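Peer 1: Please see the structure below; I have some questions.
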């Protein structure tokens, strides 16, 4: 009898909480996991990088005409926009907001990541994990208690109420798989406002020249907080966060120069991309969303769903249309509202002064040391004004390219021009430096290699970030520093700028070391020794990117070779490196339109414009730059974790959530086909963290 009364009371209690409680227990369905990808992926490369300079007057007027409702907030997106306004104005980077990824107004908790103390990434991740685990258990408990007609406790009731306006079957069970953490951005947004003063006037001029709405100039607040050094684990860089594949359509990106990092040059590229998106999609909300998701993907979304951005956000399903793409337009709207009324949220802001400089066009290939020595320009000064110049320039492994428009301090252009005219001819180089490599062979030691190239053990260890000087591996390619011999002594002009800490996850996948001991190498300064328990950091594997040639290859008779497609490569890259057109490469390889390349696919490359060696060098430098950029911003902690693929999960989502680039994941899982991962398939994940 007592048991019956308890059941009856539970029944009435649940009815009081929600009149639609029984909808929770009907038609229990399998949970479809969210496909979340914060990678800025371009699904199909745009074939022609050229943007016509002939403006259509009607389109120009349409793009630039003021419209008070052009970027209004649709009622159905107000909750999402308000969520991002809270992220940008209320919560700092010491706070993690734990929320539902599908219903942003459902916030479970705000985790304090500091408590007034500086704590490590491991502790931060543990705190966040524990809170997510707690609310996952609560949601699952609510689902089962409702199903069985049992009483909810106080904490469960509080969570239950958050879903009052959500009428979906099994909503608590689904929510248990959609718990997400979002780091607060208030302090970064304030810093971004200050930094925007350096570039905003020029950015607005560029957008005006292209006939684009001025409101679009707030996008760098969403992408990078106007930090030109911003870099994502997915390889997006600069204030506009261009990926390499998209950026190369509009800018110079190679081993010496990366124009994505120049705020003004990249602004011109962003204007071209946004204008093209609008021309193709006819809608600014879709054009802005395409800036994150990719034009081809958004065209497919429009074909399936229509041109209403709310319908696309809520109804479009694609494995790579994840959280970042779904929320990008709402983040933009939130940033726009904040920037237009920043005093309401932050009070007075002291904006940085606009950057002023003169431009000197370099007429030959120049070493950075020449500029410092003969022209009185400090390296740090050049580096600050020219963020497009990559580290190899400042370590003298590359010359400043001929034709580069060098930014110099205001008022110095005439002096620099006069000095340049009288520079010795031997410092005005007519070609770029080539990459110095050495492929390790049987019997090699670092000491032997150093003697061969008239360098030092310490320099080779430094430039290659070698952990153990007594271990080098057959087939590895070692980078060689640039040296100048002075009276029998070697002066190192290379200064290490990259802290590479890549450990091999599976030692048995590596070849046996060629040399176990080199007594001569024991004299190396202790500062170059590493004590990582995981062992040796593998050198850059240039051999992976070499060209296979036919038997009895003769460059005078046979002018082609074969490659296998690797990660982070496109048909456009092959065209750039080979000097052939995209169309000719498609023709000789019988590639059909709209059919993308596959990793491992064999392609024929003609060498009628460049040599095989030149192609290999550019290809290797492309991948080396990607890896150097990553390790300039992230470090591998020296630990790994095991992981099993979930239902419906893609490698893109996994990489986005774990902030592991695909090429690094491949390095730790060399025998896996990452494009064909089955549910439950085990992977090894390196633990990485951001370098502040």
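Peer 1: Could you look through the stretch 433-454, keep only residues that are closer than 27 Å to residue 254 by Cα and part of a loop (DSSP other than H, G, I, E, B), and pick out the one that is farthest from the chain's Cα centre (by Cα)?
Peer 2: Looking at the filtered set, the residue picked out is 453.
Peer 1: Would you kindly identify the helices (runs of 4 or more DSSP H) lying entirely within the stretch 358-418 that contain at least 1 residues that are at pLDDT below 90 and more than 30 Å from the chain's Cα centre (by Cα)?
Peer 2: Filter on the stretch 358-418 gives 368-375.
Peer 1: Out of all the residues in the stretch 652-661, which are crowded, with 20+ Cβ neighbours inside 10 Å and in a helix (DSSP H, G or I)?
Peer 2: Listed by number, the residues that qualify are 652, 653, 654, 655, 656.
Peer 1: A further question on this structure: Touching a helix residue (DSSP H, G or I) at 6+ places or on another chain (Cβ under 7 Å) and farther than 18 Å from residue 246 by Cα, is that true of residue 566?
Peer 2: Spelling it out, it is not the case that residue 566 is touching a helix residue (DSSP H, G or I) at 6+ places or on another chain (Cβ under 7 Å) and farther than 18 Å from residue 246 by Cα.
Peer 1: Ok, one more. Every residue in the stretch 243-254 that is under 20 Å from residue 296 (Cβ atoms), touching a residue at least 40 places away in the same chain (Cβ under 8 Å) and in contact with a helix residue (DSSP H, G or I) (Cβ under 8 Å, 6 or more places away or on another chain), please.
Peer 2: Passing the criteria: 244, 245, 246, 248, 249, 250.
Peer 1: To continue, here is another question. Name every residue in the stretch 403-422 that is closer than 30 Å to residue 463 by Cα and buried (at least 18 other Cβ atoms within 10 Å of the Cβ), in order of residue number.
Peer 2: If the condition is that a residue be closer than 30 Å to residue 463 by Cα and buried (at least 18 other Cβ atoms within 10 Å of the Cβ), then 404, 406, 407, 408 are the ones that fit.
Peer 1: Based on what the data block shows, is residue 199 in contact (Cβ under 8 Å) with a residue 24 or more places away in the chain, more than 16 Å from the chain's Cα centre (by Cα), buried (at least 16 other Cβ atoms within 10 Å of the Cβ) and more than 22 Å from residue 329 (Cα to Cα)?
Peer 2: When the stated conditions are applied, residue 199 passes them.
Peer 1: Between 600, 648, which is more than 22 Å from residue 249 (Cα to Cα), part of a loop (DSSP other than H, G, I, E, B) and touching a strand residue (DSSP E or B) at 6+ places or on another chain (Cβ under 7 Å)?
Peer 2: Sole residue among the options that is more than 22 Å from residue 249 (Cα to Cα), part of a loop (DSSP other than H, G, I, E, B) and touching a strand residue (DSSP E or B) at 6+ places or on another chain (Cβ under 7 Å): 600.
Peer 1: Quick one: would you say residue 672 is in contact with a strand residue (DSSP E or B) (Cβ under 8 Å, 6 or more places away or on another chain), more than 25 Å from residue 318 (Cα to Cα) and not assigned by TED's automatic domain parsing to the domain that holds residue 244?
Peer 2: It is false that residue 672 is in contact with a strand residue (DSSP E or B) (Cβ under 8 Å, 6 or more places away or on another chain), more than 25 Å from residue 318 (Cα to Cα) and not assigned by TED's automatic domain parsing to the domain that holds residue 244.
Peer 1: May I ask you to verify whether residue 552 is at pLDDT below 90 and outside the structural domain of residue 245 (by TED's automatic domain parsing)?
Peer 2: yes
Peer 1: If you don't mind, there's one more thing I want to ask. Which of the residues belonging to the stretch 213-227 are surrounded by fewer than 23 Cβ atoms within 10 Å (Cβ to Cβ) and outside any helix (DSSP H, G or I)?
Peer 2: If the condition is that a residue be surrounded by fewer than 23 Cβ atoms within 10 Å (Cβ to Cβ) and outside any helix (DSSP H, G or I), then 213, 225, 227 are the ones that fit.
Peer 1: Also: From the list 349, 368, 400, exactly one residue is farther than 30 Å from residue 291 by Cα and either out of contact with any strand residue (DSSP E or B) (no Cβ under 6 Å at 6 or more places or on another chain) or surrounded by fewer than 12 Cβ atoms within 10 Å (Cβ to Cβ) (or both). Which is it?
Peer 2: Testing whether each residue is farther than 30 Å from residue 291 by Cα and either out of contact with any strand residue (DSSP E or B) (no Cβ under 6 Å at 6 or more places or on another chain) or surrounded by fewer than 12 Cβ atoms within 10 Å (Cβ to Cβ) (or both) leaves just 368.
Peer 1: Working carefully through the options 596, 579, find the one that is without any contact (Cβ under 8 Å) to a residue 60 or more places away in the chain and surrounded by fewer than 19 Cβ atoms within 10 Å (Cβ to Cβ).
Peer 2: Result of the check over 596, 579: 579.
Peer 1: From the set of residues in the stretch 314-346 that are over 30 Å from residue 301 (Cα atoms) and exposed (fewer than 12 other Cβ atoms within 10 Å of the Cβ), which is nearest to the chain's Cα centre (by Cα)?
Peer 2: 340
Peer 1: Okay, next question. Would you be able to say whether some residue in the stretch 670-684 is assigned to a strand (DSSP E or B), modelled with pLDDT of 85 or more and over 22 Å from the mean Cα position of the chain (by Cα)?
Peer 2: Scanning the stretch 670-684, I find at least one residue that is assigned to a strand (DSSP E or B), modelled with pLDDT of 85 or more and over 22 Å from the mean Cα position of the chain (by Cα), so the answer is yes.
Peer 1: Out of 211, 238, 192, report the one residue that is within 20 Å of the chain's Cα centre (by Cα) and at positive phi.
Peer 2: From the options 211, 238, 192, the qualifying one is 238.
Peer 1: Moving on. Here are 587, 554: which of them is more than 26 Å from residue 624 (Cα to Cα) and assigned to a loop (DSSP other than H, G, I, E, B)?
Peer 2: Every option except 554 fails the conditions.
Peer 1: Something else about it: Test of understanding: among 689, 642, 609, which residue is outside any helix (DSSP H, G or I) and within 24 Å of residue 571 (Cα to Cα)?
Peer 2: Of 689, 642, 609, the one residue that is outside any helix (DSSP H, G or I) and within 24 Å of residue 571 (Cα to Cα) is 609.
Peer 1: Would you tally the residues in the stretch 423-436 being surrounded by 12 or more Cβ atoms within 10 Å (Cβ to Cβ) and either in contact with a helix residue (DSSP H, G or I) (Cβ under 6 Å, 6 or more places away or on another chain) or farther than 30 Å from residue 470 by Cβ (or both)?
Peer 2: Count: 7.
The values are calculated or read from the model by the stated rules, or taken from the named source; none is laboratory data. Just so it is clear, the structure is predicted and the values come from calculations on it, not from any experiment. Reconstructed Cβ throughout: ideal geometry from the backbone, glycine too, with neighbour counts over all protein chains shown.
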